[in-house]
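Report on one structure; see the data block that follows.
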Amino acid sequence: MHGIQRFALTRFDVDLDRIIGDSQVSTSCLSLGVLELEDVDGHVGTGFFHSVTEPLPSLGALQELFRRELAEQIIGANPFAWVNRLTRPRGGRIRTSVFSPAVEQAMWDLQGQILGLPLYRLLGGERRTVPTYASGLEFHLTDQQVVEFYARARGSGFSAFKVKVGHPDLAWDVRRLKLVQDTVGHECLLMADANEAWAPKEAIRRLHAFHDAGVPLYWIEDPCLRDDFEGLRLISQSVPLVLVNAGEYLNLSGKRELIERRAADVLNVHGSICEAMKLAWLAAEHGVPIAVGNTNFEIGVHIAAALPEVAWLEYSFLSYNHLLETPIEFCDGYAMVPDRPGHGLRVADAARELGQSR
């Protein structure tokens, strides 16, 4: 009953309307993949995956990779059982598949459709809106482009904003933060993301410099190396008025250690629904709030709506919503949680034809 009988993959290369990036990487194109799993009753669950630094393999190569890695496990599987299974990989089996988030997203999507429930309600959530901050991914943009981006976001009703920092020159970081602050208004909330650019003491020095320059930050994201738990804890203790947001680059075990060692004031989760639900219990036990970072097509809005520990959802205005029938909507700085069965994100027919032709 409800067994998976078929899979389909679609691949897109999307030219963005701006260069996105941080202190480490940049790109003007996103490579996106869509996985669809169909059960014996005709329900189709959808999941998403992507690559930023280099294009995904060709569609044919992706299909062959999926057949080799996962098809035997998935065909015939029950989506309810799949998301609850426990696995303990060993040796060479400990690796991350490009399809991992997409598979579980599609399985959860199927469950919601079978039960006639929106995903956030299936996960136990009730709220229909989630507070959202605008994230420019703007490190490589000119000052004028930065002003135009954040002015549009402010005009759309956003009142919280995240800025990329981590330039070798401290003065550059200060000037960029003040530029955004002047654009959106000093009453707005500012976050910053260094993408592991600093050593712990340099991070402390810069956070004090930002404050002294009149740019108080709500949080600093990934100020030092992801697994420098002592360094992250030192930053948090040394600059108590600024929260340390971390965990984006860590697996489930790493995030657990981050929480248990009190190395993060805010835990950052992304597209893995199963992982986010497990971490939510642990974070709640330690009183650590959660932020949902960028997820493909903002599918993470369901996680954010379901978990009471989530205070913020990230939104980066990426120009790929034309690929969907009905994208996530935003109003006055809030994400509107779709009330359709499953997660409610479906590839538009016109886009599907374009993707399959590549």
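The values are calculated or read from the model by the stated rules, or taken from the named source; none is laboratory data. Since this is a predicted model, take the numbers as computed values, not measurements. Don't worry about glycine lacking a Cβ; one is built from the backbone with ideal geometry, like all the others, and counts go over all protein chains shown. In case anyone asks, the SASA skips ligands and DNA or RNA and just uses the protein heavy atoms, side chains included. Shrake-Rupley method; radii C 1.70, N 1.55, O 1.52, S 1.80 Å.
Does any residue of segment 219-236 turn out to be of a type in the set (Lys, Arg), touching a Lys or Arg at 6+ places or on another chain (Cβ under 9 Å) and assigned to a loop (DSSP other than H, G, I, E, B)? Give the derivation first.
Residues of segment 219-236 of a type in the set (Lys, Arg): 226, 233.
Now narrow it down to the ones that are touching a Lys or Arg at 6+ places or on another chain (Cβ under 9 Å): 233.
Going one step further and asking which of them are assigned to a loop (DSSP other than H, G, I, E, B), we end up with none.
Within segment 219-236, not a single residue is of a type in the set (Lys, Arg), touching a Lys or Arg at 6+ places or on another chain (Cβ under 9 Å) and assigned to a loop (DSSP other than H, G, I, E, B).
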Exercise. Do you know which residues across segment 322-335 are open to solvent by less than 50 Å² (accessible area, probe 1.4 Å) and touching a helix residue (DSSP H, G or I) at 6+ places or on another chain (Cβ under 7 Å)?
Worked result: LEU323, LEU324, PRO327, ILE328, ALA335
Problem set entry | segment 94-122, residues that are crowded, with 20+ Cβ neighbours inside 10 Å and either at pLDDT below 95 or under 18 Å from the mean Cα position of the chain (by Cα) (or both) | PHE99, PRO101, ALA102, VAL103, GLU104, GLN105, ALA106, TRP108, ASP109, LEU119, TYR120
Exercise. Within segment 165-186, is there a residue that is touching a Leu at 6+ places or on another chain (Cβ under 8 Å), within 21 Å of VAL25 (Cα to Cα) and open to solvent by 50 Å² or more (accessible area, probe 1.4 Å)?
Worked result: no
Exercise. Of all residues in segment 132-151, which are within 22 Å of MET336 (Cα to Cα), hydrophobic (A, V, I, L, M, F, W, C) and either in a helix (DSSP H, G or I) or without any contact (Cβ under 8 Å) to a residue 24 or more places away in the chain (or both)?
Worked result: PHE149, ALA151
Exercise. Only one residue in ARG154, ARG127 is touching a helix residue (DSSP H, G or I) at 6+ places or on another chain (Cβ under 6 Å), at pLDDT below 95 and either in a helix (DSSP H, G or I) or on the phi < 0 side of the Ramachandran plot (or both), so which one is that?
Worked result: ARG127
For this session: Evaluate the following for ILE75: is it under 13 Å from PHE7 (Cα atoms) and open to solvent by 60 Å² or more (accessible area, probe 1.4 Å)?
Result: yes
For this session: State which residue is surrounded by the most Cβ atoms within 10 Å (Cβ to Cβ) when the search covers only segment 246-264 and only residues that are touching a Lys or Arg at 6+ places or on another chain (Cβ under 8 Å), at negative phi and in a loop (DSSP other than H, G, I, E, B).
Result: ALA263
Problem set entry | Test set (1) touching a residue at least 12 places away in the same chain (Cβ under 8 Å); (2) farther than 22 Å from ALA153 by Cβ; (3) open to solvent by 40 Å² or more (accessible area, probe 1.4 Å) - PRO240 fails condition number | (1)
